[in-house]
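One structure is given here, and the rest of the page talks about it.
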Amino acid sequence: MNILWVFAHPEPRSLNGTLRDAALTELRAHGHTVEQSDLYAMQWNPVVTPQDYAHDRARRFRVAAASSAALAAGTQAPDIAAEQQKLLRADAVVLHFPLWWYSMPAIMKGWVDRVFVEGFGYGIRAADGSTRRYGDGVLGGKRAMVVLSMGGSEHTVSPRGISGSLDELLYPIQHGILFYTGMSVLPPVLVASADRMTEIDYAAAESELRQRVKGLPTDEPIPYRSQNGGDYDRRFVLRENIEANEIGVRIHTER
Ligand SMILES: Cc1cc2nc3c(=O)[nH]c(=O)nc-3n(C[C@H](O)[C@H](O)[C@H](O)COP(=O)(O)O)c2cc1C
């Protein structure tokens, strides 16, 4: 497999930097090729520029290239195009980050904002005019997985934990970005209590990560319901007879 490892940590010698190195070693030892987007090391610009916005907007509204802004819209920034090519080459994509304020670090959000543009991440039309998303899209057929560490304990992301369940916490990323763009999302790898790890804890975390990356080609994805599989009505609301009386993000997973 060709794996794209997208990494957001400013310090390569951090816990996450060390875990990343171990994971890449494991993948290569199993014959996989790995491309990286080490966002801090690349000094990735997470800020959508006026040109980026004009390009995306022009595609969205099919604006004719009449004004200078629209002319600028004709070319996509080379750093964005390079990341899109990496994604297209990948069979599996890993987003690896420390949890910062319940989410990915801003540099990674800015990677998503700038790279997953109209015609690539969203706004993909099927022949019948419907929009391809949630389980279908340009990135369909690829696998994806989130690897994250957090300061809080595993209990804080248990079903009644104070941070909400892990599924809920990661729903915007796993469902709203990875599944939305067509990818099959594998269960995440969580390294909890990451600020107070003993050597034994670290060894266990590294071992689990090594196991999980070995499963990238074969592990079962989270069974999110596809948009067009018949479970949703025309407003994209789950039909009343499915998970009747249940609410919350868990209803969007087949059980
Ligand atoms: C800006 C910032 C925000 C954080 N937000 C959270 C959070 O929302 N939940 C949590 O459990 N830990 C949070 N943490 C703790 C980090 O997740 C933890 O320090 C990190 O996973 C440890 O990995 P590292 O040593 O590789 O940085 C935060 C840390 C920072 C610096």
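Find all pairs meeting these conditions: Cβ atoms under 9 angstrom apart; at least six residues apart or on different chains; first residue within region 223-237 and farther than 19 Å from Val185 by Cα; second residue polar (S, T, N, Q).
Tyr232/Ser226; Phe236/Gln227
Only one of Glu220, Glu240 is among the acidic types (Asp, Glu) and in contact (Cβ under 8 Å) with a residue 24 or more places away in the chain. Can you tell me which?
Answer to the check: Glu220.
Hey, among the residues in region 92-130 that are hydroxyl-bearing (Ser, Thr, Tyr) and closer than 17 Å to Tyr171 by Cα, which one's most open to solvent (accessible area, probe 1.4 Å)?
So, considering only residues that are hydroxyl-bearing (Ser, Thr, Tyr) and closer than 17 Å to Tyr171 by Cα, the one most open to solvent (accessible area, probe 1.4 Å) is Tyr102.
Yes/no matrix, rows are residues, columns are (1) outside any helix (DSSP H, G or I); (2) within 14 Å of the chain's Cα centre (by Cα):
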| residue | (1), (2) |
| --- | --- |
| Gln85 | no, no |
| Val93 | yes, yes |
| Gly110 | no, yes |
| Gly151 | yes, no |
| Thr156 | no, no |
| Arg160 | yes, no |
| Leu170 | no, yes |
| His175 | no, yes |
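Check off (1) within 11 Å of the ligand (Cβ to nearest atom); (2) in contact (Cβ under 8 Å) with a residue 12 or more places away in the chain; (3) more than 26 Å from Val34 (Cα to Cα) for Trp101 and give me the number that stays unchecked.
Unmet for Trp101, out of (1) within 11 Å of the ligand (Cβ to nearest atom); (2) in contact (Cβ under 8 Å) with a residue 12 or more places away in the chain; (3) more than 26 Å from Val34 (Cα to Cα): (2).
Within region 121-130, identify whether any single residue is farther than 24 Å from Asp231 by Cα and either at pLDDT below 95 or more than 16 Å from the ligand (Cβ to nearest atom) (or both), and answer yes or no.
Among the residues of region 121-130, not one is farther than 24 Å from Asp231 by Cα and either at pLDDT below 95 or more than 16 Å from the ligand (Cβ to nearest atom) (or both), which makes the answer no.
Does any residue of region 229-247 turn out to be open to solvent by 50 Å² or more (accessible area, probe 1.4 Å) and under 23 Å from Leu87 (Cα atoms)?
no
For Ser153, all conditions in the list (1) among the polar types (S, T, N, Q); (2) open to solvent by less than 30 Å² (accessible area, probe 1.4 Å); (3) under 17 Å from Ile222 (Cα atoms) hold save one; what is the number of the exception?
For Ser153, the failing item is (3).
Would it be correct to say that Asp219 is modelled with pLDDT of 95 or more, under 21 Å from Val157 (Cβ atoms), surrounded by fewer than 19 Cβ atoms within 10 Å (Cβ to Cβ) and in contact with a Gly (Cβ under 9 Å, 6 or more places away or on another chain)? Walk me through how you get there before you give the answer.
Values: modelled with pLDDT of 95 or more: yes; under 21 Å from Val157 (Cβ atoms): yes; surrounded by fewer than 19 Cβ atoms within 10 Å (Cβ to Cβ): yes; in contact with a Gly (Cβ under 9 Å, 6 or more places away or on another chain): no.
No; evaluated as a whole, the condition is false for this residue.
Quick check, is Ser226 under 23 Å from Gly119 (Cα atoms) and either in contact with a strand residue (DSSP E or B) (Cβ under 8 Å, 6 or more places away or on another chain) or among the basic types (Lys, Arg) (or both)?
No; evaluated as a whole, the condition is false for this residue.
Residue check: is Leu24 more than 10 Å from the ligand (Cβ to nearest atom), under 23 Å from Leu99 (Cα atoms) and surrounded by fewer than 21 Cβ atoms within 10 Å (Cβ to Cβ)?
Details: more than 10 Å from the ligand (Cβ to nearest atom): yes; under 23 Å from Leu99 (Cα atoms): yes; surrounded by fewer than 21 Cβ atoms within 10 Å (Cβ to Cβ): yes.
The answer is yes for Leu24.
Take Ile222 and decide whether it is β-branched (Val, Ile, Thr) and outside any loop (DSSP other than H, G, I, E, B). Before you say what the answer is, go through the steps one by one.
Details: β-branched (Val, Ile, Thr): yes; outside any loop (DSSP other than H, G, I, E, B): no.
Answer is no for this residue.
From (1) at pLDDT 95 or above; (2) open to solvent by less than 30 Å² (accessible area, probe 1.4 Å); (3) more than 21 Å from Pro98 (Cα to Cα), pick out the condition that doesn't hold for Gly140.
It is condition (2) that Gly140 fails.
Taking Arg255, is it farther than 28 Å from Leu95 by Cβ, open to solvent by 40 Å² or more (accessible area, probe 1.4 Å), part of a loop (DSSP other than H, G, I, E, B) and not assigned by TED's automatic domain parsing to the domain that holds Asp128?
no
The values are calculated or read from the model by the stated rules, or taken from the named source; none is laboratory data. This structure is a prediction, so every number in the text was calculated from the model and none was measured. Every residue, glycine among them, receives a Cβ derived from its backbone with ideal geometry; neighbour counts consider all protein chains shown. When the accessible area is computed, the model is the full protein with side chains, heavy atoms only, and any ligands, DNA or RNA have been set aside. Shrake-Rupley method; radii C 1.70, N 1.55, O 1.52, S 1.80 Å.
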